[in-house]
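The values are calculated or read from the model by the stated rules, or taken from the named source; none is laboratory data. Quick caveat, the model's predicted, so the values are computed rather than measured. Ideal geometry is used to build each Cβ from the backbone, glycine not excepted, and the neighbour counts take in all protein chains shown.
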Amino acid sequence: MQYSDKTEVASRAEAIEEQGRYLYCVVDSGEKVSFGEIGIEGKEVYAILYRDICAVVHNCPAQPYRSDDQEVVKAWVMTHQKVVDAAWERWGTVLPLSFDTIIKGETEGSAERNVQDWLKQEYEGLKSKIEKVRGKAEYGVQVFWDAKVIAENLTRTSPEIRKLDEEIRLKPRGLAYMYRQRLENLIKREMESKADECFKDFYSRIRKHADDIRVEKTKKAEQGLQMIMNLSCLVYKDRYTELGEELDKINQLEGFSVRFTGPWPPYSFVGGA
Amino acid sequence: MEPTRNSHATLVDLLDRVLDKGLVIHADLIISVAGVPLIGVNLRAALAGMETMLKYGVMTEWDERTRAWEREHRKKKEISAVPGEEIILEMLGSYYYSEGIYTAWRMGRIYLTDKRLIVYHPSFEEVLFETPLEKIKGVALEIEEKYFTAKERENLCLLLKSGDVVRLHALDTLKLKEALEQRMSTLGLGWQEVPSLAAHDERTASFLSQGEEAICSGKMWHLTSPRGIMAESWKPGHLYLSNKRLCWWYDFEGKVGFEIPLDRIVGSTVGTRNLRPTPKNSKVLDVIYHNDLGKQVASFAGDELWQWEKALNQIVLQPVLASTKEADTCPQCGREGQANELLEQGCVYCGWVSPRLRRQLRRSALDGAAR
């Protein structure tokens, strides 16, 4: 009698502990499937169904994953991505969730119901999102320029800069300093307008090859290269080569370089309402 | 161009997506993960190689370092940093600002550090006064009577090796003085305990010669003439008008800093002067006298100047025909005097007595004894 009491307590404790569902992604499949223990910290990954869609989840305590150990967090995030990739590979279309998204339940077993309720509630939206990204993948396109090379080119081509540059040579040292300040400002302004111009040009060229496009924040300069453009492109999986060819053309321009990453699950195109 | 997924450079690209993007759930049941953005940043740093370290991790650290430095620096900047300096005492107080004849007590915080004494105005971030402790030559306590309240308060006077005199008043002046002296003796610095200025009058007899009588005396600032590398400056002291001379006692050096026989005085005037680019005009007593170099002016500033002027002008108006008298020098101290005065009265400066006067004195002494 005593013994069975204990197991009851233990199983209840376990149930409380598992009152959350960690979400990896949503896919359009009515297939009840288990991926095995490939989840974060070796948890079993399985699908919670609602009609013809399902959420890929694992059971977890109703609290976010947190750690001060960056190696631990790194392992979690990479695992998250691997699970999403596995689902993506299996069904071809996924709506990925960001790391550490957990739906909780108030009582025993209610977490699973909550996931289903959520799927039910959002069903239409989820379905239309699935349709939007079906057969497509996300690609990262980042265009950099070598500020030094661009500035030198500008000095050669801009009549205004060239004029000022020549004037400096004729000025006495003190005045030349002032003029150099002016020149620097002028170059900076010209660079900015040049960057705007390039952005417009490249954007329209890339846009043609993408189903949808998101303009992301540019990152800080690295190794003398300035990022002038950071895009997420939603592209049909079989059409990325056309985008690649277009990017090649940009990459060949003097002073420019392109980073082309992917294919990623369509993280950038499933957010929002 | 082929897209890449697994190179190191794409890692950040992936993280941007996994950590910041994806399907958004609008439900009460979602666990709020306040820590995620933070995890994201740290994680980027953890995963990154050097290039991304620069963008995230190192920047975070650099930022922290910058802030720490700023905090540290700012603290010290308040009293203009000397590395490793330690504050021993901090007290509200004021500093007697006496540039030229413009004077004012300026409020500030007095900091006594292990190396310096500083008066700092926090709001203006201005150091009103600072001196290394080893530059302090003398310390004195001054009792100042406030004119309006008739209350006495203590000021701390510092005589610096440069010859400047600094007056400070602190919330607890005695405590400041004690702490200062304690620190100076810890550092092995010697200083003079300049007698308190209040006790000054007891000493006046010592420089008044025999038969000399003070007619007027009072606290008075004097514009000392430039000496060596020292520029002219206003110094505190006491001015005495005796029946023989006008002299000014320099409080901090404890000696007569200026003197002229009465018959050298040509006149005096009180005027308002604006010696410095300060808005305040102050009354200054100019005493005009003559010496070997011609006419000179000695300037004094203090209270009741008009009384001084009156007293001095009365003396000048006395029919002293200085110019007709023969000038001579005292055989003992070499100072100038009038020949007949030297013979009949002796030297007012060093107390030299002429043989003629000595005979007279002896005779009168004998007469007195006989009576």
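For the reader, a short list of remarks on this structure follows.
- Residues located in the stretch B:231-259, provided they are among the hydrophobic types (A, V, I, L, M, F, W, C) and at pLDDT 80 or above: B:Trp234, B:Leu239, B:Leu241, B:Leu246, B:Cys247, B:Trp248, B:Trp249, B:Val256, B:Phe258
- Matching strands (runs of 3 or more DSSP E) fully within the stretch A:88-204 where at least 1 residues are closer than 30 Å to A:Val72 by Cβ and in the same structural domain as A:Glu216 (by TED's automatic domain parsing): A:136-146
- Residues of the stretch A:243-273 that are closer than 28 Å to A:Ala147 by Cβ, assigned to a strand (DSSP E or B) and at the interface with chain B (Cβ under 9 Å from one of its Cβ atoms): A:Val258, A:Arg259, A:Phe260, A:Thr261, A:Gly262.
- The set of residues from the stretch B:272-302 being within 27 Å of the chain's Cα centre (by Cα) and at pLDDT 80 or above comprises B:Lys283, B:Val284, B:Leu285, B:Asp286, B:Val287, B:Val297, B:Ala298, B:Ser299, B:Phe300, B:Ala301, B:Gly302.
Quick grid of which residues meet (1) under 26 Å from B:Lys219 (Cα atoms); (2) assigned to a loop (DSSP other than H, G, I, E, B); (3) modelled with pLDDT of 80 or more:
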{"position": "B:Gly93", "(1), (2), (3)": "yes, no, yes"}
{"position": "B:Tyr96", "(1), (2), (3)": "yes, no, yes"}
{"position": "B:Met107", "(1), (2), (3)": "yes, no, yes"}
{"position": "B:Ile110", "(1), (2), (3)": "no, no, yes"}
{"position": "B:Leu117", "(1), (2), (3)": "no, no, yes"}
{"position": "B:Glu144", "(1), (2), (3)": "yes, no, no"}
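- When the stretch A:78-102 is filtered for residues that are touching a residue at least 60 places away in the same chain (Cβ under 8 Å) and in contact with a Cys (Cβ under 8 Å, 6 or more places away or on another chain), the ones remaining, listed by number, are A:Val84, A:Ala87, A:Trp88, A:Val94, A:Leu95, A:Pro96, A:Leu97, A:Ile102.
- For the stretch B:346-362, the criterion of being in contact with a Phe, Trp or Tyr (Cβ under 8 Å, 6 or more places away or on another chain) and at pLDDT 75 or above is satisfied by at least one residue.
- Tally, over the stretch B:119-128, of residues that are out of contact with any Leu (no Cβ under 8 Å at 6 or more places or on another chain) and either part of a strand (DSSP E or B) or among the basic types (Lys, Arg) (or both): 3
- Scope the stretch A:98-142; condition surrounded by fewer than 20 Cβ atoms within 10 Å (Cβ to Cβ) and among the aromatic types (Phe, Trp, Tyr); matching residues: A:Tyr123
- The residues on offer are A:Ala147, A:Ala137, A:Ala210, and the sole one that is aliphatic (A, V, I, L, M) and either more than 24 Å from A:Glu246 (Cβ to Cβ) or more than 21 Å from the chain's Cα centre (by Cα) (or both) is A:Ala147.
- Within the stretch A:206-237, tally of residues that are within 13 Å of chain B (Cβ to nearest Cβ) and in a helix (DSSP H, G or I): 2
- Test: residue in the stretch A:189-204 that is within 12 Å of chain B (Cβ to nearest Cβ) and out of contact with any His (no Cβ under 9 Å at 6 or more places or on another chain): no
- The set of residues from the stretch B:213-225 being at pLDDT below 75 and not in a strand (DSSP E or B) comprises just one member, B:Glu213.
- Residues within the stretch A:25-66 that are within 13 Å of chain B (Cβ to nearest Cβ) and surrounded by 21 or more Cβ atoms within 10 Å (Cβ to Cβ), tallied: 10
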